[in-house]
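Novice: Sharing a structure here in structure tokens format.
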Amino acid sequence: MYKIAVAGTGYVGLVAGACFAEVGHRVTCVDIDENKVNLMKSGVSPIYEAGLEELMQKNYAAGRLEYTTDYISAYKDADAIFIGVGTPEQPDGSANLSYIATVARQIAETIEKDCLVVVKSTVPVGTNDKVEQFINDFLVNDVRVEVASNPEFLAQGSAVHDTLYAERIIIGTESKWAEEQLKGIFEPFHLPIVSVNRRSAEMIKYASNDFLALKISYMNDIANLCELVGADIQAVAKGMSFDERIGSKFLNAGIGYGGSCFPKDTKALDYMARQHGYELRTVKAAIDVNNDQKTVLFNKASKRLITINGLKVAILGLTFKPGTDDLREAASLENVPLLLDQGAEIYAYDPVGSSNFSKVYPEGMNRKGSITYVEKIEDALTDANVCFIFTEWGDIKAVPPETFEKLMRTPLVYDGRNIYNVVDMRDAGVEYHSIGRGSATREDIKESKKLGFQTARS
Ligand code: NAD
């Protein structure tokens, strides 16, 4: 059993803390946000993650998990301090390391015994060296401190599962002592551990995330070409997926990647390369494709409609992906202002994301349009002139094609997640546009009605 402190209780820190407690360590989670800490103490998770609240309550009750804003008491006698604070993107694409630096200084000024500091946040290569130097520069007591890298690979929406059953744990250390400490901490998880040096560990995180971002942008690029040449991206992806060298995951075309990681980590690696006089052309291409992909549906709709002004626009899904309340870099955040600027009357539905979204776009008149948050999908769709699907939440995927036809004033759907079968939508009488596949146009619908598909189904 180790005495562990975790700095930062976001998606990474809180999940790590709860999982460390779950395997038997004594954990204190530290955050500067008093509201968050009070919420956690009352057994409520400040973030939406499946299974997290149960884990928090169970381990809090067992006395293995605590929450505090008092970093001094948490850090002073910890065996290991994990840093999981944010490293957000700066305007030039570089990672903002100020939160890491603050924690490093707090650690230096408080620790009273030998301690391993573990950087879990995603940081540019070489940051761990600097953190170690920084801590030693400011160290108050005569204790030994070493810094190790332990990048996080969880995916939001399945963070607890991804932590308890991680495919691998990467540890980056510069001494046998640090390596043994980290191996000891992760031993109860019984997971494969890959032990490398610190700089390689830092790079593994970026290289992995950027590879996934590249895979998504590649499929989106191919999808856009599919539309032009009459191929179907889903059929293409299926055909590709049998090749083990390619793999079957991350082949879904869509409206671009979002979230707190891929966008910033691609930009940070691109920035890092430029700092070293190197142009990382593949990653740059992934970034470029993604930037354009987010508005591909808006552009299609703008071409199709004479105006969006005064139209009732249904938006299904606001978060960057299902299973999370996180909006960072979500496609909705790109498209909503464009629609509002065109005078759209938006009715937005999301099972968990509306409250966060309304902090950015409060309900009511906004720019040249308006936005209303609804609690039922039907309320968004009723009398709508056009519908955009941005997130493939389960309840959104469950809407039958006929519902669009029945509820909407004009059943015109732009689906950024390729949820529906084009033929099913056509046969239900829905004009349907998606990513990298054929569309169901008004003419197709008339033709299918003439041929009797509609009557055969109804
Ligand atoms: P987050 O923004 O959700 O949480 C960061 C937390 O740190 C906040 O609660 C904030 O109040 C707290 N904080 C700031 N300064 C602090 C201080 N001095 N002491 C204690 N707490 C402090 O961030 P996140 O999404 O959990 O990401 C954290 C890091 O992990 C980032 O580097 C990110 O790139 C990386 N990462 C994130 C994910 C993900 O899916 N979110 C996955 C892998 C890696």
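The values are calculated or read from the model by the stated rules, or taken from the named source; none is laboratory data. Note that this is a predicted model, so its numbers are computed, not measured. When we count neighbours, we look across all protein chains shown, and the Cβ atoms used for this are built from the backbone with ideal geometry, even at glycine. These area figures cover heavy atoms from the full protein model, side chains too; ligands, DNA and RNA do not enter into them. Shrake-Rupley method; radii C 1.70, N 1.55, O 1.52, S 1.80 Å.
Novice: Could you please tell me which pairs satisfy a Cβ distance under 9 Å, a separation of 6+ or placement on different chains, a first residue in segment 49-77 that is free of Cβ contacts under 8 Å to residues at least 60 places away in the same chain and under 30 Å from Ile135 (Cα atoms), and a second residue that is open to solvent by less than 80 Å² (accessible area, probe 1.4 Å) and among the aromatic types (Phe, Trp, Tyr)?
Specialist: As it stands, the answer is Arg64/Phe20; Leu65/Phe20, since those pairs meet every condition given.
Novice: Could you list, in sequence order, the residues of segment 70-87 that are near the ligand (Cβ under 8 Å from one of its atoms) and either open to solvent by 50 Å² or more (accessible area, probe 1.4 Å) or touching a Cys at 6+ places or on another chain (Cβ under 6 Å) (or both)?
Specialist: The answer is Tyr71, and nothing else.
Conditions tested, residue by residue: (1) outside the structural domain of Gln106 (by TED's automatic domain parsing); (2) closer than 30 Å to Val289 by Cα; (3) surrounded by 15 or more Cβ atoms within 10 Å (Cβ to Cβ).
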| residue | (1), (2), (3) |
| --- | --- |
| Asn136 | no, no, no |
| Arg144 | no, no, no |
| Val147 | no, no, yes |
| Leu182 | no, no, yes |
| Phe186 | no, no, yes |
| Ile216 | yes, yes, yes |
| Met219 | yes, yes, yes |
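Novice: Take segment 168-207 and flag every residue that is among the polar types (S, T, N, Q), in contact with a helix residue (DSSP H, G or I) (Cβ under 9 Å, 6 or more places away or on another chain) and not in a strand (DSSP E or B).
Specialist: Of everything in segment 168-207, just one residue is among the polar types (S, T, N, Q), in contact with a helix residue (DSSP H, G or I) (Cβ under 9 Å, 6 or more places away or on another chain) and not in a strand (DSSP E or B), namely Thr173.
Novice: In segment 190-245, how many are over 23 Å from the mean Cα position of the chain (by Cα), under 24 Å from Ala95 (Cβ atoms) and of a type in the set (Ser, Thr, Tyr)?
Specialist: Total meeting the criteria: 1.
Novice: Does Ala159 meet the test of being of a type in the set (Gly, Ala, Ser) and within 18 Å of Gly10 (Cα to Cα)?
Specialist: yes
Novice: For segment 42-58, how many residues meet the condition of being more than 18 Å from Pro351 (Cβ to Cβ) and either touching a strand residue (DSSP E or B) at 6+ places or on another chain (Cβ under 8 Å) or of a type in the set (Ser, Thr, Tyr) (or both)?
Specialist: 2
Novice: Now for a different question. Return yes when Asp415 is acidic (Asp, Glu), open to solvent by less than 30 Å² (accessible area, probe 1.4 Å) and under 24 Å from the mean Cα position of the chain (by Cα) and no when it is not.
Specialist: Yes: the conditions hold for Asp415.
Novice: While we're here: Considering segment 162-180 alone, what residues qualify as being within 19 Å of the chain's Cα centre (by Cα) and within 13 Å of the ligand (Cβ to nearest atom)?
Specialist: Within segment 162-180, Asp162, Thr163, Ala166 qualify.
Novice: From the residues in segment 26-35 that are charged (D, E, K, R) and not in a strand (DSSP E or B), which one is surrounded by the fewest Cβ atoms within 10 Å (Cβ to Cβ)?
Specialist: Of everything passing the filter in segment 26-35, Glu34 is surrounded by the fewest Cβ atoms within 10 Å (Cβ to Cβ).
Novice: Let me ask you something else. If you take the residues of segment 109-127 that are within 13 Å of the ligand (Cβ to nearest atom) and not β-branched (Val, Ile, Thr), which of them is surrounded by the most Cβ atoms within 10 Å (Cβ to Cβ)?
Specialist: Per the stated criteria, the residue is Ser121.
Novice: Taking segment 19-57, which residues are over 23 Å from Pro88 (Cβ atoms), of a type in the set (A, V, I, L, M) and within 15 Å of the ligand (Cβ to nearest atom)?
Specialist: Val27, Val44, Ala50, Met56
Novice: Please verify whether Asp232 is open to solvent by less than 50 Å² (accessible area, probe 1.4 Å), modelled with pLDDT of 95 or more and either in the same structural domain as Ala285 (by TED's automatic domain parsing) or closer than 30 Å to Ser121 by Cβ (or both), treating the condition exactly as stated.
Specialist: no
Novice: Among the residues of segment 54-69 satisfying the criterion of being open to solvent by less than 70 Å² (accessible area, probe 1.4 Å) and not hydrophobic (A, V, I, L, M, F, W, C), which is farthest from Ala108 (Cα to Cα)?
Specialist: Residue satisfying both the conditions and the ranking: Asn59.
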